[in-house]
Amino acid sequence: MGDNSHQQIPLREGFWTSGAPDSGPRLIGSRCTQCGEVYFPKKPKGWCVHCQQQTLEEILLSPRGRISAVTVVRQPPAGGFYHGPVPYAYGLVDLPDGLRLVSQITADNLEAVPVGAEAELVIRPLYQNSEGREVLTFMFTPVA
Amino acid sequence: MKNLKEMREVFVAGIGLTKWGVYEDQECYDFGSEAIFKALADAGMGWTEVQAAFCGSVYQGTASGHQAIKEVGLTGIPVVNVENACSSGGSSLRLAYLMVAAEIYDVVIALGMEKMPRGPIPSTAFRPWELASGFNIQVGNYALETVEYMKETGVTEEDLARVTVKNRKNGAMNPNARFQKPVSLEEVMGSRMVAEPLRLLHCCPLADGAAAAVLCGKDKLKSLSRGIKVAASALTSGVYGDGMPAAGIVNSLKYPPEVGILELSAQQAYEASGYGPEDIDIVQGYDTTVPSELWGMEKLGFCNKGEAAGLLRDGKFDLDGELPVNTDGGLMSRGHPLGATGLGQICELVTQLRNEAGARQVKKARVGLAHAMGAGPNSSITILTR
Ligand SMILES: [Zn+2]
């Protein structure tokens with residue numbers, strides 16, 4: 001097995017777009033053209049679960065939001081499906097597009113992340129997979 | 001839809017509960033069948049009188065209820081397995097209740113059992129990428145709800161700890177509980193942090209165990225005085241916009257629900273039973289983590305949002321208080337064998353309403369309410385009356 005650590009793969013394809021060099025990453029979601037409800041991740045079949053119409057269109061979500069709740073987890077989740085670092089922080093992030101999503105939160109000091117903080121989207125390594133590749137995921141980080 | 005009030009009255013004739021704990025040398029069908037035999041003995045009935053069985057479990061594999069009933073006796077009756085996450089037991093009870101109420105059968109058994117998995121538990125409530133992202137940790141998910149709840153109500157970590165202290169005190173008088181030792185406020189506050197603000201002793205322990213109830217029409221009761229009437233059995237499975245991180249659901253900012261999942265199940269149970277919160281004498285609440293007992297009491301209509309912690313402090317929810325909550329120690333003491341939990345609550349209500357709870361017997365219990373919820377999402381409520 002060679003050294004693959006320079007190779008990076010996303011946790012899942014289609015979650016974000018790297019964007020233009022000057023604009024940074026954006027999450028890819030869905031918005032209902034009928035009722036306006038917004039979803040992340042994008043719903044691949046295009047059905048709105050609020051109004052039951054196949055009326056979803058793809059949108060790029062705002063890269064900035066507000067952390068409405070955050071916790072620091074001190075033990076690995078049961079089941080062995082999580083391979084990232086412990087402790088880790090995750091929480092609820094409200095985006096101005098009108099949706100709340102669950103996201104890992106990254107910061108120099110996880111315990112000092114205040115509820116209500118403005119935060120921005122970043123793409124960060126979560127863990128190294130069995131082939132030695134770095135697996136990237138989206139996170140939010142408080143903005144100073 | 002039929003009005004349940006116009007259907008046949010249904011009674012719990014017998015209950016069977018095993019001692020909950022950690023059993024390396026038993027499988028779910030071992031204690032599952034034990035619970036059935038105990039329920040039959042309690043009802044004074046023979047197995048051949050039972051006409052159908054609904055068996056709740058979550059992680060026990062294919063046709064697990066059949067495995068328990070194979071250890072009781074095969075009589076040709078229909079056996080149906082019910083997997084409804086933490087409401088599996090409550091859902092089994094509800095199906096048994098509906099079958100008797102609708103006069104499809106006269107005697108039906110509801111079983112809940114669980115031997116908690118020792119290895120990986122792939123939760124289908126979370127997508128694979130969510131599992132890989134670390135979002136399937138129930139303490140963490142309840143922590144997120146708790147952060148918001150504390151922010152909105154001013155409830156403190158000490159308030160949370162008081163729920164544990166109360167429940168473990170009650171559990172010390174329950175010979176079937178996994179943990180029968182009281183804990184002090186200091187022990188709870190000093191226990192290891194798992195996911196801010198929730199500490200180890202804010203979270204219920206897992207357990208293996210089973211519980212069963214025999215339901216029947218009034219004419220089938222062997223003892224009228226020990227029969228406990230099912231006044232309502234409600235189940236709601238998700239309401240658009242109502243977030244429950246523990247079920248992998250975030251709330252909608254654009255379309256918040258008019259009535260949440262828990263409140264809706266409460267409305268339905270009160271409506272069907274003809275009772276209101278003011279009529280309830282005893283509650284088995286859902287303390288999978290202790291804050292959920294507090295906001296549960298509020299959403300069940302026993303007080304306004306943010307008031308439960310103060311009432312707890314004043315002793316209202318103590319064993320000798322005005323409205324005792326989790327008289328058997330709750331999930332905090334019993335432990336949480338997922339599929340059995342809902343029926344374990346029923347066993348305690350029946351025991352209390354029959355005035356057979358010994359050291360932990362409450363005074364003047366006539367109407368009792370049990371509430372369980374969780375992944376799905378589901379919220380199940382049972383109201384029983386003497
Ligand atoms: Zn829509």
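The values are calculated or read from the model by the stated rules, or taken from the named source; none is laboratory data. Values in this document were obtained by computation on a predicted structure and should not be read as measured data. Cβ placement follows ideal geometry from the backbone for every residue including glycine, while neighbour counts extend to all protein chains displayed. Surface areas here come from the heavy atoms of the whole protein model, side chains and all, with no ligands, DNA or RNA. Shrake-Rupley method; radii C 1.70, N 1.55, O 1.52, S 1.80 Å.
Apart from one condition, B:G112 fits all of (1) touching a helix residue (DSSP H, G or I) at 6+ places or on another chain (Cβ under 6 Å); (2) assigned to a helix (DSSP H, G or I); the exception is (2). Helices (runs of 4 or more DSSP H) fully within the range B:121-173 that include at least 1 residues being of a type in the set (A, V, I, L, M, F, W, C) and over 24 Å from A:P77 (Cβ atoms): B:157-171. If you go through the range B:66-94 and pick out every residue that is open to solvent by 40 Å² or more (accessible area, probe 1.4 Å) and small (G, A, S), you end up with 1.
Conditions (1) open to solvent by less than 10 Å² (accessible area, probe 1.4 Å); (2) away from chain A (no Cβ under 14 Å); (3) touching a helix residue (DSSP H, G or I) at 6+ places or on another chain (Cβ under 8 Å), marked per residue:
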| position | (1), (2), (3) |
| --- | --- |
| B:S184 | no, yes, yes |
| B:H202 | yes, no, yes |
| B:A213 | yes, yes, yes |
| B:K222 | no, yes, yes |
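Is there a residue being in contact with a Leu (Cβ under 9 Å, 6 or more places away or on another chain), within 14 Å of the ligand (Cβ to nearest atom) and open to solvent by 40 Å² or more (accessible area, probe 1.4 Å) anywhere in the range A:87-95? No - not one qualifying residue is present in the range A:87-95.
Of the numbered criteria (1) buried (at least 18 other Cβ atoms within 10 Å of the Cβ); (2) more than 14 Å from chain A (Cβ to nearest Cβ); (3) touching a residue at least 60 places away in the same chain (Cβ under 8 Å); (4) in a loop (DSSP other than H, G, I, E, B), the one B:V230 fails is (4). Of the residues examined, A:P44 is one that is within 13 Å of chain B (Cβ to nearest Cβ) and either more than 10 Å from the ligand (Cβ to nearest atom) or more than 24 Å from A:L92 (Cβ to Cβ) (or both). Take the range B:309-324 and flag every residue that is in contact with a helix residue (DSSP H, G or I) (Cβ under 7 Å, 6 or more places away or on another chain) and under 14 Å from B:Y286 (Cα atoms). B:F317, the sole residue that qualifies. On the stretch given as the range A:17-40, residues that are open to solvent by less than 50 Å² (accessible area, probe 1.4 Å), within 9 Å of the ligand (Cβ to nearest atom) and away from chain B (no Cβ under 13 Å) total 0. Within the range B:44-73, the set of residues being more than 26 Å from B:S225 (Cβ to Cβ) and in a helix (DSSP H, G or I) comprises B:S64, B:G65, B:H66, B:Q67, B:A68, B:I69, B:K70.
Per the listing A:A89, A:A78, A:A69, the residue uniquely within 30 Å of A:A112 (Cα to Cα) and within 13 Å of the chain's Cα centre (by Cα) is A:A89.
Could you tell me whether B:M99 is in a loop (DSSP other than H, G, I, E, B), more than 14 Å from every other protein chain (Cβ to nearest Cβ) and closer than 21 Å to B:K222 by Cα? No; evaluated as a whole, the condition is false for this residue. Scanning the range A:47-86 for residues that are away from the ligand (no atom under 16 Å from the Cβ), open to solvent by 30 Å² or more (accessible area, probe 1.4 Å) and not hydrophobic (A, V, I, L, M, F, W, C) returns A:P63, A:R64, A:R66, A:R74, A:Q75, A:P76, A:G80, A:H83, A:P85.
Contact map, the range A:53-76: residues that are within 14 Å of another protein chain (Cβ to nearest Cβ) and basic (K, R) paired with residues that are in a strand (DSSP E or B) and away from the ligand (no atom under 14 Å from the Cβ), Cβ distance under 9 Å, separation 6+ or inter-chain. Pairs shown: A:R66/A:V93; A:R66/A:D94; A:R66/A:L95; A:R66/A:E118; A:R66/A:A119; A:R74/B:M193; A:R74/B:V194; A:R74/B:A195.
Residue-level check: of (1) away from the ligand (no atom under 16 Å from the Cβ); (2) over 14 Å from the mean Cα position of the chain (by Cα); (3) buried (at least 17 other Cβ atoms within 10 Å of the Cβ), A:V115 misses just (3). Would you say A:V102 is part of a strand (DSSP E or B) and open to solvent by less than 20 Å² (accessible area, probe 1.4 Å)? In short, no.
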